[in-house]
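Enquirer: Take this structure first; my questions come after.
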């Protein structure tokens, strides 16, 4: 039986682990499932989550999702699921990129806020491992440059060439710290700020400023497939 009280589902299927979270009656419920076949993991995980929260599928009034970057198939799974709920039960859909989610979590940390006071002209760079020796990068500043998929060498060169102080958040392969990659050259966000936190995802989901009907995936072109520009 439907409870009648609408809840928000936060979800990330862009990579392993899959993460789902809901908040009901002031309590946050979440599940994580490791594996790359999110199409097989999603519904069993969602069933477990809703059962723990005492809710049903029809109770979901808003879906808040990560729309990339990440695995092509993984991203499509959450977008397809959200589209289905939007069509069947008129659930509202909002979404952010992983860059925006990590930025949101990092900006609320005392470590970043202290650094920002000391470096008012500085910027936050979010670095995420993509594939083998390649990385996703987005720098948040007033220049509004878009995200990129870079080789390791290109990433290090771009960071080194940046003309303002940088605070870096993100992760290396398998969620490892970026410290080894960056060689201690930049202040880094704490590891917990770089991993999706269910409570903070749900807090983000309450902000109506995020893109509505966010069903457009963020796919980035791999560095090894970038075309060489003519000189």
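Enquirer: What is the distance in Å between the Cα centroid of segment 4-66 and that of segment 94-134?
Expert: With segment 4-66 and segment 94-134 each reduced to a Cα centre, they are spaced 25 Å.
Enquirer: Compute the acute angle (0 to 90°) between the alpha-carbon long axis of helix 38-53 and the principal axis of greatest extent of the alpha-carbon atoms of the chain; round to the nearest 10°.
Expert: Helix 38-53 sits at roughly 60 degrees to that axis.
Enquirer: Ranked by Cβ crowding within 10 angstrom, fewest neighbours first, how are 106, 13, 114 ordered?
Expert: Result, fewest neighbours first: 114, 106, 13.
Enquirer: Between the helical axis of 98-107 and the dominant principal axis of the chain, each derived from Cα atoms, what acute angle in degrees is found, rounded to the nearest 10?
Expert: Helix 98-107 sits at roughly 80 degrees to that axis.
Enquirer: Right, here's the next one. Once label points are set 7 Å from the Cα along Cα→Cβ at both residue 88 and residue 144, what is their separation, rounded to one decimal in nm?
Expert: For residue 88 paired with residue 144, the spin-label model returns 3.8 nm.
Enquirer: Continuing with the same structure: Based solely on its DSSP helices, what 222 nm [θ] is calculated for the chain when runs of n ≥ 4 H residues each add -39,500 (n - 2.57) and the sum is averaged over all residues, nearest 500 deg cm²/dmol?
Expert: Per the formula, -10000 deg cm²/dmol.
Enquirer: Please order 110, 33, 103 by the number of other Cβ within 10 Å, starting at the fewest.
Expert: 110, 33, 103
Enquirer: Here's another thing I want to ask about it. Fewest first, what order do 43, 104 take by the number of other Cβ atoms within 10 Å?
Expert: 43, 104
Enquirer: So what is the relative contact order for segment 98-163, in percent, with contacts set as C-alpha pairs under 8 Å and at least six apart?
Expert: Relative contact order for segment 98-163 comes out at 20 percent.
Enquirer: Semi-axes, largest first, in whole Å: what does sqrt of 5 times each Cα gyration tensor eigenvalue give for the chain?
Expert: 32, 20, 16
Enquirer: Related question: For the chain, what proportion of DSSP beta bridges, expressed in % and rounded to the nearest 5, is antiparallel?
Expert: Percentage antiparallel, nearest 5: 60.
Quick note: the coordinates plus some simple rules give every number you see, no bench work behind them. From a predicted model like this one, the values you see are computed outputs, not experimental measurements. Virtual Cβ from ideal backbone geometry, glycine too; neighbours counted across all protein chains shown.
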